[in-house]
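Take a look at the structure set out below.
The values are calculated or read from the model by the stated rules, or taken from the named source; none is laboratory data. Everything quoted here is computed from the prediction, not taken from an experiment. Here Cβ is always computed from backbone atoms with ideal geometry, including for glycine, and neighbour counts include all displayed protein chains. Calculation scope for accessible area: heavy atoms of the full protein, side chains included, ligands and nucleic acids excluded. Shrake-Rupley method; radii C 1.70, N 1.55, O 1.52, S 1.80 Å.
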Amino acid sequence: MLSKETLEACSRLIPSDQPLDERNTRNRSMPVAFARGQQDLLRQWDREHVWHAFTQMQDYEPLLIERGEGAWLVDTDGRRYLDGSASMWCTVHGHRHPRLDAALAAQAAKVAHTTNLGLSNPTAVEFARRLVEVAPPGLEKVFFSGDGSSAIETALKMAFQFWIQAAPPQPRRTRFVAIGEAYHGDTLGAIGVGGVDRFTAMFQPLTFHAIRVPSPGGPCPATGTPAPSLAESLAAVERVFTAHAGEVAALIMEPLVQMAAGIYVHPPGFLRGVAELCRRHDVLLILDEVATGFGRTGTMFACEQEQVSPDFLCLAKGLTAGYLPMAATLTTGRVWNAFLGTHADRRTFFHGHTYGGNPLAAAVGLESLNVFRDDRVLESLPPKIERLREHAARIARLDHVGAVRQCGLVAGFDLVADKTTGQGYPWQEKRGMRASLAARSHGALVRPLGDTVVIMPPLSITLDELDHLAAAVEAGILDATA
Ligand SMILES: *Cc1c(COP(=O)(O)O)cnc(C)c1O
């Protein structure tokens, strides 16, 4: 954890001649908002009252981020850090984007929230329409909710109910197939299809059990076992579909890259192959693009790269460009039609999330799609992806970096005790966390996945900023593995 000395060192170490755009330069001269005593009090209250996600509170050392500008975050001391995790994989066009700020303010001047239970709102309607336009073909219906886990729960329950009400009904289709080391959120249904056992094994008695097929995205740094080949993985899916013929409601997967697993990149053709098997066995396909959606892999949605249109597309994180919590589950007319009927037919989807379709979130999400279009954001990505590839190749040569995996504008670096054997560090040493904390003192905020250090910046990051970020991460890894 960061000692006082380290924090002090951070401020010295952040180079004053780092490349900054105009906005950042202006930001640097802004006064520090909090006096020292006030900050100490906030840190104390943070430690005493705020229970942080995925954090051992006994070890927790507060770092209070007070504002952001573009790809940068600024703490209460005025120290600046590149947002190397896109604020937990959400931020797309950068912080304080003028157009997103304006869209939010304009909507707030009309109404902040109205329910979507039987009522509607022009902004949410327009956003749904635009989502359908950018989504892969066939996805015409949009169910809004509040976070990624809820988008997954929605898809799982819709898929389950679909088979009960399909023509003809297939009520034996009650099982779900998921990929090994999958992560689909932390609610009980989402962990039922999840496979990151170090988080979820304890809660298994509380939920259902998906049938798991091995991920072809490894090799698994924890066990060192090599990933199955493309052909082996597809054969495993087919074996499950055959062994459970007529029993599988849906297969759920993150397309192209499993993020929380440790940036597991699938071999080309896996998604396409799985989609074909689903079609052949009449299994619904749920794609979880909560993390991969909105440009992260280089295309608007990852599934476009293998020309796959799923039955359900789950979106969250980047849906509002990282401004507000919102999620969406997109599905097809076929699924929708199975839920139509009179009130007495009881075919309604009795499920909802109170803030679903929230107008403030919808306004920002809609404007984000406008920014994608007007600023040609997707066209701007190839040089950034290429620059990240160059940095990744350099970092891969470090003595304690093993496998490196990249997909679009995200890269993961496995820290290893022995580069020749690929032997990892004992997990108790928290090398990934130590490297990430050390990167702070070099001016970047990143969050690891176990002993995999991750670079996942906002799409709006400039090439100069990307250089700074990669250098900070490289320095952090060197500090933590020296
Ligand atoms: C983050 C994430 C989720 C869960 O989203 P929350 O908003 O945290 O509930 C689900 N699936 C994937 C792939 C994710 O990365």
- Message: Rounded to the nearest percent, how much of the accessible area of the stretch 47-95 (1.4 Å probe, protein heavy atoms only) is carbon and sulfur?
- Response: 51 percent
- Degrees between helix 98-108 axis and first principal axis of the chain (Cα, 0 to 90, nearest 10): 60 degrees
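For Leu188 and Val134, calculate 0.36 nm times their separation in residues minus their Cα-Cα distance, and state this gained length in nm to one decimal.
Values: separation 54, 0.36 × 54 = 19.44 nm, distance 3.05 nm.
Using 0.36 nm per residue and subtracting the Cα-Cα distance, I get 16.4 nm.
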- Relative to the longest principal axis of the C-alpha atoms of the chain, give the angle of the C-alpha long axis of helix 122-134, reported between 0 and 90° and rounded to the nearest 10°. 80 degrees
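Excluding Pro383 itself, calculate the net charge of residues whose Cβ lies under 11 Å from the Cβ of Pro383, where each Lys or Arg counts +1 and each Asp or Glu counts -1. Spell out each step's value before the answer.
Details: positive: Lys384, Arg387, Arg389; negative: Glu379, Glu386, Glu390.
That works out to 0.
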- Query: How big is the stretch 179-327 by Rg and Dmax over its Cα atoms, in Å?
  - Reply: 14.8, 44
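With only alpha-carbon pairs counted, each pair once and no self-pairs, how large is the Kirkwood hydrodynamic radius of the chain in angstroms?
Working: mean 1/r = 0.0427 Å⁻¹.
23.4 Å is the Kirkwood radius here.
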- Note on the structure: Measuring from its Cα centre, the stretch 137-266 shows a charge dipole (+1 at each Lys and Arg Cβ, -1 at each Asp and Glu Cβ) which, in debye to the nearest 20, is 320 debye
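Once the Cβ-Cβ distance between Asp464 and Leu340 is put in as r, and R0 is 51 Å, what FRET efficiency do you end up with, to the nearest 0.05?
Details: r = 54 Å, r/R0 = 1.06.
Between Asp464 and Leu340 the formula returns 0.40.
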- In the stretch 101-374, with Lys and Arg counted as +1 and Asp and Glu as -1 at Cβ, which of these residues, Trp163, Val308, Thr115, has the Cα nearest the positive end of the dipole, that is, farthest along it? Trp163
- Item | Helix axis angle, 4-13 relative to the chain longest principal axis, alpha carbon, degrees | 80 degrees
- Message: Taking 22 Å as R0, compute the FRET efficiency from the Cβ-Cβ separation of Tyr60 and Ala201 and round it to 0.05.
- Response: 0.40
- Message: If each DSSP helix of 4+ residues adds -39,500 (n - 2.57) and the sum is divided by the residues in the chain, what number results at 222 nm, nearest 500 deg cm²/dmol?
- Response: -11000 deg cm²/dmol
- Task: For the stretch 308-314, just list the computed ³J(HN,Hα) in residue order, Karplus coefficients 6.51, -1.76 and 1.60, θ = phi - 60°, integers in Hz, with x standing in for Gly and Pro.
- Result: 10, 10, x, 7, 9, 10, 9
- Task: Heavy atoms only, probe 1.4 angstrom, no DNA, RNA or ligands counted: give me Trp336, Trp89, Trp72 ranked by accessible area, highest first.
- Result: Trp336, Trp89, Trp72
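Got a number for carbon plus sulfur as a percent of the stretch 101-374's accessible area, 1.4 Å probe? Working shown, then result.
Numbers: 6640 of 11100 Å².
Looking at the stretch 101-374 in its full context, I get 60 percent from C and S.
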- Task: Would you pull out the residues with amide H under 5 Å of Thr76's amide H, same chain only if 5 or more places away, H placed 1.01 Å from N?
- Result: Leu64, Glu66
- Query: For Ala482 and Thr114 in the same chain, what is the full-extension length gain: residue separation times 0.36 nm, less their Cα-Cα distance, in nm?
  - Reply: 127.0 nm
- Query: Ignoring ligands, DNA and RNA, what accessible area per residue does the chain give at 1.4 Å, in Å²?
  - Reply: 44 Å²
- For the stretch 101-374, the Rg and Dmax computed from alpha carbons only, in angstrom: 18.4, 57
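Multiply the residue separation of Asp46 and Glu232 by 0.36 nm, subtract the distance between their alpha-carbon atoms, and state the gained length in nm to one decimal. Please list the in-between numbers first.
On the way: separation 186, 0.36 × 186 = 66.96 nm, distance 4.86 nm.
Residue separation times 0.36 nm, minus the Cα-Cα distance, leaves 62.1 nm.
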- Task: For every other residue with a beta carbon closer than 11 angstrom to the beta carbon of Leu284, add +1 if it is Lys or Arg and -1 if Asp or Glu, then tell me the sum.
- Result: +1
- For the pair Thr174 and Glu276, how long in nm is the line joining their label points, each one 7 Å along Cα→Cβ? 3.3 nm
- Burial ranking of peptide ranges 248-261, 98-111, 124-137, 74-87 (average Cβ count within 10 Å, highest at the top): 248-261, 74-87, 124-137, 98-111
